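Colleague: I have a structure I would like to understand better, so I am pasting it below and will then ask my questions one at a time.
The values are calculated or read from the model by the stated rules, or taken from the named source; none is laboratory data. Just so you know, these numbers come straight off a predicted model, no measurement behind them. Don't worry about glycine lacking a Cβ; one is built from the backbone with ideal geometry, like all the others, and counts go over all protein chains shown.
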Amino acid sequence: MSVVAEHISEHVHRDDLGSRMGIWLFLFTELVLFGGMFLVYAVYRFTYQQEFHVAAKELNTLIGTLNTLILLTSSLTMVLAIVAIRKDNKFLSIFFQVITIFLAFGFMVNKYFEWMAKIHHGIYPGSETLLAKGNGEILFFGLYYVMTGLHGLHVLIGMVLIGVMTRFTMKGTVNSDKYIHLEAAGLYWHLVDIIWIFLFPLFYLIT
Amino acid sequence: MHDKEQSVSYLDYKGKHSGIFAWILSTDHKRIGLLYLMASLLFFAVGVTFGFLMRLELIAPGRTIMDAQTYNSLFTLHGIIMIFLFVIPGLPAVFGNFFLPILIGAKDVAFPRLNLLSWWLYVLGALLAVISVFLPGGPADTGWTFYIPYSIRSTTNVMPALIAAFILGFSSILTGLNFIVTIHRMRAPGMTFFKMPLFAWSLYATAWVQILATPIIGITLLLVTIERMFGVGLFDPALGGDPVLYQHLFWIYSHPAVYIMILPAMGVVTEIIPVFSHRTIFGYKFIAFSSCAIALFGSMVWAHHMFTVGMSETAQVIFSLLTFLVAIPSAIKVFNWVATLYKGSISTDAPLLYALGFIFLFSIGGFTGLIQGALSVNMHIHDTSFIVAHFHYVMFGGTGFGIFAAMHYWFPKMFGKMYNMKTAKVGFWTLFVGFNTLYFPMFVMGWLGMPRRYFDYLPEFQIYHFISTIGSWILIVGLIIMFTNFIKALRSKTSYTNINPWSGETLEWTVPNKPPLENFEVIPTITAGPYEYKDNDEILTKEDN
């Protein structure tokens, strides 16, 4: 048995560069995933330019801008959290991680109000108000709900991930020597951010 | 077995868990490979049964044993099961998992737990596909392509099938990701990229296609799911959507997917040919790079599935040209294999027979692929059984035979048992004859105008359908011979101790049969290429007499 136990402990090899590579590859797949949707967007926008333009006026640019600011700031705090842990400042790192989660939460709250306002106005998939509009507008709002929705899902996943990392940092599993997990969560968070950077102009700023 | 502590085989060692958990919670790449093998063979049996029933239905015109709706569901399920559950995981997930780490001199893959997760995702996806058959509403009848708008309108259980395919895609992505990092980071000291066995190269090219193409099908199927569930306008033409766009997105993945299927099979053949002709592989770098070239070009030809949907002529010409270009790297491989056999001292054991069967059947499949790539001819044979014959020659005659070749080649290493060679050869010839009898008539009737996916047909096609159905029986007899041979070997008491039965030169033949937990006692240092047979130069310089 002891031989086996030895084997198992040997088995857990550590390769930070390999892990980093794995994360980047995973992020590529995420980019391609969203890329598929951006492709659909591009084709429909090309087909229905005018209607996309009209439909975009319904979106609330103020909330959109606010959310962009929030998300960009949260990327900054995420980076600060990683820098802090590298400098072995556990408390500061936890502080910045919590701020990141808090900002992400703020993003979702804004998103919630934004969607609710739309739904109040009767603009949601399958609604009479929406079906009365032209095909281009139906597609615009279809894409709006799907793309911001899937992005929102990624924000939620990111929040959970960072939450777990905060726990790890408290326990000391993530520390100044071994912070690859936190770094991974950070990279994921930047992906969420960068996708939003494209979503924002494509939906809010094309009026 | 007890002479050395390290030689406890991967089948016998005791880990944290016991009983079935020692398997389904194991992170050992070899156990995971076997889990995949068992699961995918189970689904292969189901897929074969569906295919058999379809062929039986088609033995005579009109209704024979089932109604049209059942037939539609059968070809859908046959497609989904064979493609997503058998052919795609068949080589990378089964033999890639089992042998990639051993071939490159590693203890395991880079992310063993992720590896286990991808098996679980595979099982989850497979279960969903199975459940969709039994839920009220009946199994999906859209064909495995889920074409819009029928896939939004059909009242059958399209949703579970879509989600199943999505999850299976996820599993495939994680396997690909794992392999890329493994190949980059875990090679034994001295094993440069150009000293890797070519199976590893083919897995590497495959893995890139897996991670770059699969997300597209993932998102596409997800969009269809959302569209069905919430009535969001995305592809539905009634809401302004574009069904042709769906087809593009579908084939952007699903065409490269056929290279996910064929590349590893080519890798297996490349392993087998030099070993059984006792010669160094001819054109190592060309074979390695042709794998990458196939992966690259193969990702840019998807629209040749859609020549009849009304694309612009420019697009059609470009896609047609690119389709012809893919044939070049494939041909490079075939020529290199044949050149390796030249002047070799060939032993025609079962693995080589299957590899040669692969070359023969794949060549027929490949050449008929070129015929279809020509625009004018494509109009004539689009959606006929010519296409069905073509992709069965490539996918079954190619990848299927590749999988069987791998099974015969690595069987003694994996299980420490040896099958009966004579029976294996009988099995091969029966399969080979059955295969051609089954699929060749489809070329003929397709050319004459027999549409695919039709439940009924005109009487003039009956003779071809009849021959084809007879072929399916011979094929199944061949499969039974092959698998009983394996099962007999597994149940036999005598264990096979020769660790290098075929005198291979790659690393898996240096470790004990049923390799121990971490494969190598000492990680080897590599100094030479993978297939360096000492008398190679001597053979080549010898004068013909």
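Colleague: What's the total number of residues in region B:127-140 that are of a type outside the set (F, W, Y) and surrounded by fewer than 23 Cβ atoms within 10 Å (Cβ to Cβ)?
Modeller: 9
Colleague: For the structure I just gave you, tell me whether A:K111 is closer than 29 Å to A:Y145 by Cβ and either touching a residue at least 60 places away in the same chain (Cβ under 8 Å) or in contact with a helix residue (DSSP H, G or I) (Cβ under 9 Å, 6 or more places away or on another chain) (or both).
Modeller: yes
Colleague: Here is a follow-up. Of these, B:F235, B:F146, which one is away from every other protein chain (no Cβ under 11 Å), under 22 Å from A:V146 (Cα atoms), of a type in the set (F, W, Y) and crowded, with 23+ Cβ neighbours inside 10 Å?
Modeller: B:F146
Colleague: Right, something else. Since B:Y253 meets every condition but one in (1) within 12 Å of chain A (Cβ to nearest Cβ); (2) more than 17 Å from the chain's Cα centre (by Cα); (3) surrounded by 21 or more Cβ atoms within 10 Å (Cβ to Cβ), which condition does it not meet?
Modeller: All conditions are met except number (2).
Colleague: Quick one: B:W502 ticks every box in (1) among the hydrophobic types (A, V, I, L, M, F, W, C); (2) crowded, with 16+ Cβ neighbours inside 10 Å; (3) in a helix (DSSP H, G or I) bar one, so which box is it?
Modeller: (3)
Colleague: If only one of B:Y409, B:Y439 is within 19 Å of B:K333 (Cβ to Cβ) and in a helix (DSSP H, G or I), which one is it?
Modeller: Checking each option against the conditions leaves just B:Y409.
Colleague: Would you please name the residue that is nearest to B:F250 (Cα to Cα), looking only at residues in region B:180-217 that are assigned to a helix (DSSP H, G or I) and among the polar types (S, T, N, Q)?
Modeller: B:T214
Colleague: Here's another thing I want to ask about it. Taking the conditions exactly as written (assigned to a loop (DSSP other than H, G, I, E, B) and crowded, with 19+ Cβ neighbours inside 10 Å), does A:I138 satisfy them or not?
Modeller: So A:I138 does not fit the description; no.
Colleague: Does any residue of region B:403-415 turn out to be out of contact with any Leu (no Cβ under 9 Å at 6 or more places or on another chain), touching a residue at least 40 places away in the same chain (Cβ under 8 Å) and under 20 Å from B:I88 (Cβ atoms)?
Modeller: Yes, region B:403-415 contains a residue that is out of contact with any Leu (no Cβ under 9 Å at 6 or more places or on another chain), touching a residue at least 40 places away in the same chain (Cβ under 8 Å) and under 20 Å from B:I88 (Cβ atoms).
Colleague: Further question on the same structure: Quick test for you: out of B:T225, B:T220, pick the one residue that is assigned to a helix (DSSP H, G or I), at the interface with chain A (Cβ under 7 Å from one of its Cβ atoms) and either at pLDDT 90 or above or within 28 Å of the chain's Cα centre (by Cα) (or both).
Modeller: Residue meeting the stated conditions: B:T220.
Colleague: Right, next: Evaluate region B:195-206: report whether one residue or more is out of contact with any Pro (no Cβ under 7 Å at 6 or more places or on another chain), within 12 Å of chain A (Cβ to nearest Cβ), in contact (Cβ under 8 Å) with a residue 40 or more places away in the chain and crowded, with 21+ Cβ neighbours inside 10 Å.
Modeller: no
Colleague: Please go through region B:228-252 and give me each residue that is assigned to a helix (DSSP H, G or I) and without any contact (Cβ under 8 Å) to a residue 60 or more places away in the chain, ordered by number.
Modeller: Scanning region B:228-252 gives B:F230, B:L239, B:L245, B:H248, B:L249, B:W251, B:I252.
Colleague: Quick test of your reading of the structure: B:S40 fulfils all but one of (1) buried (at least 21 other Cβ atoms within 10 Å of the Cβ); (2) out of contact with any Leu (no Cβ under 7 Å at 6 or more places or on another chain); (3) among the hydroxyl-bearing types (S, T, Y). Name the failing condition by number.
Modeller: If we test B:S40 against (1) buried (at least 21 other Cβ atoms within 10 Å of the Cβ); (2) out of contact with any Leu (no Cβ under 7 Å at 6 or more places or on another chain); (3) among the hydroxyl-bearing types (S, T, Y), just (2) comes out false.
Colleague: Still on this model: Given B:I65, B:I88, which one is out of contact with any Phe, Trp or Tyr (no Cβ under 6 Å at 6 or more places or on another chain) and closer than 19 Å to B:L177 by Cβ?
Modeller: None of the other options fit; the residue is B:I88.
Colleague: Take the residues in region A:113-123 that are surrounded by fewer than 18 Cβ atoms within 10 Å (Cβ to Cβ) and not in a helix (DSSP H, G or I), then tell me which one is farthest from the other protein chains (Cβ to nearest Cβ).
Modeller: A:H121
Colleague: Can you tell me which residue within region B:89-120, out of those that are more than 30 Å from B:Y531 (Cβ to Cβ) and within 14 Å of chain A (Cβ to nearest Cβ), is surrounded by the fewest Cβ atoms within 10 Å (Cβ to Cβ)?
Modeller: In this case the residue turns out to be B:R113.
Colleague: Report yes if B:P215 is out of contact with any strand residue (DSSP E or B) (no Cβ under 9 Å at 6 or more places or on another chain), away from chain A (no Cβ under 12 Å) and touching a residue at least 24 places away in the same chain (Cβ under 8 Å), otherwise no.
Modeller: Taking the combined requirement at face value, the residue does not satisfy it.
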